[in-house]
Amino acid sequence: MKLLPNPFRALVIGSSGTIGSAFMDLLTNNPNCTGVVGVHRRSNPFIDYQNPSSIEDCATSLGRDGPYQLIINTIGVLHSDDWMPEKKLDDINADQLMELLKINTIGPALTIRHFAKLLDPRGSIMVTLSAKVGSIEDNRLGGWYSYRASKAALNMLIKTASIEMTRTKPQVAIIAMHPGTVNSRLSKPFRGEQIGRPAQDAAVDMFKVIEHLQTSDTGTFFSYSGEKLPW
Ligand SMILES: NC(=O)c1ccc[n+]([C@@H]2O[C@H](COP(=O)([O-])OP(=O)(O)OC[C@H]3O[C@@H](n4cnc5c(N)ncnc54)[C@H](OP(=O)(O)O)[C@@H]3O)[C@@H](O)[C@H]2O)c1
């Protein structure tokens, strides 16, 4: 049986991003979605992974309007003005590793902790965007040490939370999802404009997977195509 109720209310975390904005548009135009709220670094309330206390504050503030049947977290970084993904061992450095873990792992983990309280215990889904390159088993090319490690650690946190929530909230599914290569700010330095597809298409594909999820799918790493990816 499908887990996402009809009607449902949705929350997009990182709604200022390319994929986050596409989810906002898609859900705003979905007649079954009776309300969609977006939060990001400059929204009110705001969520900023450089400021971990903002995560709990944001959840507390939004909790007054809960529950939500769908929460999608799209926050993530791959590069910055100061560094690009590492190509070789000699590129590994503490600052980059710590930054990627802060934004791609610790922020999303605290988001799961605080925003899980906003999920409808009668039936709801929390999706966190991960990346296929975070799959340890699928790692064939190497490189991108900090991004791969931060998403692999994120995957472990999602899987672990899903096991706990099977006991505490059996009608909730918590999953990791790979959006595919999408033309966005994040992919731009890596020929994203040439090889990435539009974020609108990615959001449509991912929502098709989301709306068919069942409780038994909790703790799964899905690709946008519906394929189950190895952790
Ligand atoms: N694009 C791809 O090909 C691809 C492939 C695999 C996985 N993904 C994953 O998909 C997700 C979305 O990526 P995207 O392509 O949409 O990237 P994007 O356009 O760069 O969006 C990234 C989002 O993360 C937010 N963000 C960055 N640092 C933050 C911080 N310190 N605190 C709070 N928010 C912060 C950005 O907020 P601001 O607007 O304030 O900067 C923005 O909302 C990421 O998790 C990424 O790892 C993307």
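Numbers for the structure displayed
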| quantity | calculated |
| --- | --- |
| Amide H contacts under 5 Å for N73, placed H, 5+ residues apart | I13, V127, T128, L129 |
| Probe 1.4 Å, protein heavy atoms only - accessible area per residue of the chain in square angstrom | 49 |
| Loop-exposed GluC sites (Glu not before Pro) per DSSP, neighbour cap 15 Cβ within 10 angstrom, longest uninterrupted part of the chain | 1-136 |
| Residue-by-residue Karplus 3J(HN,Hα) for the range 206-217, coefficients 6.51, -1.76, 1.60, Hz, glycine and proline x | 5, 5, 4, 5, 4, 6, 9, 5, 10, 4, 5, 7 |
| Crossing angle, helix 18-28 versus the chain [Cα axis fit, 0-90 degrees, rounded to tens] | 10 |
| Förster radius 22 Å - calculated FRET efficiency between S223 and K102, Cβ distance, rounded to 0.05 | 0.25 |
| Reachable aspartates and glutamates, given that their alpha-carbon falls under 16 Å from the alpha-carbon of K159 and they are not under 8 places away in the same chain | E137, D217 |
| Full-extension gain in nm, F46 to T60, via 0.36 nm per residue minus C-alpha separation | 3.9 nm |
| Percent antiparallel among DSSP beta bridges (both partners in the chain, rounded to 5) | 5 |
| Antiparallel DSSP beta bridges within the range 1-135, percent to nearest 5 | 0 |
| Selection of trypsin sites (Lys or Arg not before Pro), the range 123-231, meeting DSSP coil and at most 16 other Cβ within 10 Å | R140, R185, R191 |
| The range 8-223: relative contact order in percent, alpha carbon pairs under 8 Å with at least 6 residues between | 20 |
| Amide H contacts of H178 (H built 1.01 Å from N, under 5 Å, at least 5 apart or other chain) | S130, F222, S223, Y224 |
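The values are calculated or read from the model by the stated rules, or taken from the named source; none is laboratory data. Given the structure is predicted, the values throughout are model-derived calculations rather than measurements. Methodologically, a virtual Cβ is constructed for each residue, glycine included, from the backbone with ideal geometry; neighbour enumeration extends over all protein chains shown. For accessibility, only protein heavy atoms count, side chains too; no ligands or nucleic acids. Shrake-Rupley method; radii C 1.70, N 1.55, O 1.52, S 1.80 Å.
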